[in-house]
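Here is the structure we will look at, set down as structure tokens.
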Amino acid sequence: MQIGVMGVGYVGLVTAAGLAETGNFVIGYDIDQAKIDRLRRGELPIYEPGLDRLVERGQSQNLLHFTERLEELVAQAELIFLALPTPSGPDGHANLSYLWQAAETLAARIQTPKILITKSTVPVGTARKLQAFFDARLPGLVQVASNPEFLREGYAVEDFLKPDRVVIGTPDPTVAEKLHQLYLPYTRQGNPIYIMDWESAELTKYASNAFLALRVSFMNEIARLAEKVGANIDMIRLGMGADSRIGRRYLFAGIGFGGSCFPKDTRALAATAREYGLQLSLVEATITVNETQRAHFFEKVESYYRGQLSGRTFAVWGIAFKADTDDIREAPAIEVIQRLLAAGAHLRVFDPAALPNLQKEHPNWPLYYAKNPYDALEGADALLLFTEWGEFRQPNWQKMKDLLRHPVIFDGRNLYDPALLRQEGFDYLSIGRAPVYAYSSTLARS
Ligand code: UDX
């Protein structure tokens, strides 16, 4: 099929490359000329495992092209995916100004029948509004469909090529059939393609993310109780997850969820409900627990030092909101770092991928950018761990003790075994598990 993708950010680029992978002709458009130039040179604007190979293959087979000229896309594509940013507005609602600008520019250019598909997450009701807009401007030429993405950063290529399910919202059987055909090659193992109405498709996306976020917040709340009663959240997670009705995934307690989806989508869902006079208490509680989980971690550090953070130096491992991405949007590390800086602490930070983004977003923060994880530890009072990168999982304990001023770790991801850390002589404070004071129990804490 002849496909256009408007917006080659995270979702758009994965979609474009993923659709070219099965032989479709795909043309990706973006308003950002620099981004298009880089893509044409074969450089990726984002870090996503496996995406470089996919983009390169698409380009070398002449199936994947990039342009800054929208007319080119409109001339060649019969299906146009809208993958534009929908950031959170101040009241939690998604800001749709990019989407409506795109609709205006498309309406001025479209002359032949097109199927327009919303890919990035848009509030319930958007597809219907878009359809009404095009029906008024270009009667009979444009059919709107909703096709929400379920791409996890770090696994986006896999999620696109082998989706658990594909959700398509359209009232039109011809559009449904066309999109069904488009996605068939990705569901050969038998995963379903569900055709439904616009609103159900749009709400499925929000409900899925909110439910996963709710699981995480639920575990974080139980972790807080576990700390109080002396239970171990890891064992609780295993005990719960083995029940097939619950399942094992998205039960890891930690520093809270971040990224471009869970925080934004939960806020937008709550805002949509309020618009209809409803309060989604579970979704709102999910948001609150997530916010307080970051504070809870900060307070753990603060109370260990009896409120005296000024002048202390901390090593930070991990800035990204999760492993295998350079994305720092709504990353818990950012908020905790901000609070530590405000309290007068010095920070030596390391992340395998996210340091350039940190530098770009917060150029004035007085941080030491470490060259590797061990460089961050040098002379630090303690290590704070925020992201579960693979390379942090089996560190050299002796080297850590040699470099740190005191062997103290605050772990926001429960990466280490408390019994082992006790044996190695660390103070080790993690989430939902009993603290280990193997170091400070041997001396009077300063
Ligand atoms: C999410 C959805 O999974 C994806 O389907 C959607 O379309 C986009 O949003 P992503 O934001 O890439 O993907 O991250 P995900 O892997 O789902 O994790 C979200 C956040 O929850 C991360 O901060 C992660 O660290 C946290 N998390 C996840 C936990 O704290 N515990 C868990 O058990 C799982």
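The values are calculated or read from the model by the stated rules, or taken from the named source; none is laboratory data. Keep in mind the model is a prediction, meaning the values are calculated, not measured. All Cβ positions, even for glycine, are placed from backbone atoms using ideal geometry, and neighbour counts span all protein chains on display.
With the condition kept exactly as written, say whether any residue in region 132-150 is in contact (Cβ under 8 Å) with a residue 24 or more places away in the chain, within 16 Å of the ligand (Cβ to nearest atom), in contact with a helix residue (DSSP H, G or I) (Cβ under 6 Å, 6 or more places away or on another chain) and not in a loop (DSSP other than H, G, I, E, B).
Yes, there is a match, as at least one residue in region 132-150 is in contact (Cβ under 8 Å) with a residue 24 or more places away in the chain, within 16 Å of the ligand (Cβ to nearest atom), in contact with a helix residue (DSSP H, G or I) (Cβ under 6 Å, 6 or more places away or on another chain) and not in a loop (DSSP other than H, G, I, E, B).
Regarding Val157, is this residue modelled with pLDDT under 95, touching a Lys or Arg at 6+ places or on another chain (Cβ under 9 Å) and within 16 Å of the ligand (Cβ to nearest atom)?
On the way: modelled with pLDDT under 95: no; touching a Lys or Arg at 6+ places or on another chain (Cβ under 9 Å): yes; within 16 Å of the ligand (Cβ to nearest atom): yes.
No; evaluated as a whole, the condition is false for this residue.
What's the number of the condition Thr313 fails, among (1) touching a residue at least 24 places away in the same chain (Cβ under 8 Å); (2) polar (S, T, N, Q); (3) under 23 Å from Ala253 (Cβ atoms)?
Going through (1) touching a residue at least 24 places away in the same chain (Cβ under 8 Å); (2) polar (S, T, N, Q); (3) under 23 Å from Ala253 (Cβ atoms) one by one, Thr313 breaks only (3).
Going by the structure shown, is Leu214 away from the ligand (no atom under 16 Å from the Cβ), among the hydrophobic types (A, V, I, L, M, F, W, C) and modelled with pLDDT of 95 or more? Outline the logic, then answer.
Working: away from the ligand (no atom under 16 Å from the Cβ): no; among the hydrophobic types (A, V, I, L, M, F, W, C): yes; modelled with pLDDT of 95 or more: yes.
The answer is no for Leu214.
Restricting attention to region 377-420, which residues are free of Cβ contacts under 8 Å to residues at least 24 places away in the same chain and surrounded by 19 or more Cβ atoms within 10 Å (Cβ to Cβ)?
Our first condition is that a residue be free of Cβ contacts under 8 Å to residues at least 24 places away in the same chain; within region 377-420, this holds for 393-396, 398, 402, 416-420.
Across region 377-420, the qualifying residues are Tyr416, Pro418.
Okay, residues lined up against (1) under 30 Å from Lys162 (Cβ atoms); (2) surrounded by fewer than 22 Cβ atoms within 10 Å (Cβ to Cβ):
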site: Pro85; (1), (2): yes, yes
site: Pro90; (1), (2): no, yes
site: Thr105; (1), (2): no, yes
site: Pro113; (1), (2): no, yes
site: Asp135; (1), (2): no, yes
site: Asn147; (1), (2): yes, no
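Within region 291-303, count every residue that is closer than 22 Å to Tyr368 by Cβ and buried (at least 18 other Cβ atoms within 10 Å of the Cβ). Give the steps one after another, and end with the answer.
Here is the first cut: in region 291-303, the ones closer than 22 Å to Tyr368 by Cβ are 297-298, 301-302.
Now drop any that are not buried (at least 18 other Cβ atoms within 10 Å of the Cβ), which leaves 297-298, 301.
Final tally of qualifying residues: 3.
Considering only region 160-179, state which residues are more than 14 Å from the ligand (Cβ to nearest atom) and farther than 24 Å from Arg57 by Cα.
So in region 160-179, the residues more than 14 Å from the ligand (Cβ to nearest atom) come out as 161, 168-179.
Hits for region 160-179 are Ile168, Gly169, Thr170, Pro171, Asp172, Pro173, Thr174, Val175, Ala176, Glu177, Lys178.
With the requirement that a residue be among the aromatic types (Phe, Trp, Tyr), under 23 Å from Leu269 (Cα atoms) and at pLDDT 95 or above, what does region 51-99 give you? Give the steps one after another, and end with the answer.
We begin by selecting, within region 51-99, every residue among the aromatic types (Phe, Trp, Tyr); these are 66, 81, 98.
From what is left, the residues that are under 23 Å from Leu269 (Cα atoms) are 81, 98.
If the condition is that a residue be among the aromatic types (Phe, Trp, Tyr), under 23 Å from Leu269 (Cα atoms) and at pLDDT 95 or above, then Phe81 is the only one that fits.
Which of the residues spanning region 347-386 are in a helix (DSSP H, G or I) and not aliphatic (A, V, I, L, M)? Step through it out loud before you land on a result.
Residues of region 347-386 that are in a helix (DSSP H, G or I), as a first pass: 355-361, 373-377.
Across region 347-386, the qualifying residues are Pro356, Asn357, Gln359, Lys360, Glu361, Pro373, Tyr374, Asp375.
Going through region 187-204 one residue at a time, which ones are in contact with a strand residue (DSSP E or B) (Cβ under 7 Å, 6 or more places away or on another chain) and either within 16 Å of the ligand (Cβ to nearest atom) or hydrophobic (A, V, I, L, M, F, W, C) (or both)?
Ile193, Tyr194, Ile195, Met196, Trp198, Ala201, Glu202, Thr204
Sort out which residues of region 248-290 are surrounded by fewer than 18 Cβ atoms within 10 Å (Cβ to Cβ) and either closer than 18 Å to Phe150 by Cα or within 11 Å of the ligand (Cβ to nearest atom) (or both), and write them in order of number.
Residues satisfying the conditions are Arg248, Arg249, Tyr250.
Considering only residues of region 225-236 that are in a helix (DSSP H, G or I) and surrounded by fewer than 18 Cβ atoms within 10 Å (Cβ to Cβ), which is farthest from the chain's Cα centre (by Cα)? First the steps, then the outcome.
If we filter region 225-236 for residues that are in a helix (DSSP H, G or I), which is where we start, we get 225-229, 233-236.
Applying the additional criterion that residues be surrounded by fewer than 18 Cβ atoms within 10 Å (Cβ to Cβ) yields 225, 228-229, 235.
Numbers: Leu225: 27, Lys228: 30, Val229: 32, Met235: 26 Å.
Ranking the qualifying residues of region 225-236, first place goes to Val229.
Among the residues of region 289-331, how many are part of a helix (DSSP H, G or I) and either outside the structural domain of Ala210 (by TED's automatic domain parsing) or among the aliphatic types (A, V, I, L, M) (or both)? Quick ask: steps written out before the conclusion?
Start the filter on region 289-331 by keeping residues that are part of a helix (DSSP H, G or I), which leaves 289-304.
After this cut, where a residue has to be either outside the structural domain of Ala210 (by TED's automatic domain parsing) or among the aliphatic types (A, V, I, L, M) (or both) as well, the list is 289, 295, 301.
Total meeting the criteria: 3.
Go through (1) of a type in the set (Gly, Ala, Ser); (2) crowded, with 17+ Cβ neighbours inside 10 Å; (3) assigned by TED's automatic domain parsing to the domain that holds Leu106 one by one and return the number of the condition Ala210 breaks.
Exception for Ala210: condition (3).
Could you name every one of the helices (runs of 4 or more DSSP H) located completely within region 27-106 that has at least 3 residues being in the same structural domain as Ile168 (by TED's automatic domain parsing) and within 21 Å of the chain's Cα centre (by Cα)? Don't jump to the end; show me each part of the working.
Values: elements: 33-40, 51-60, 70-76.
Helices (runs of 4 or more DSSP H) meeting the threshold: 51-60.
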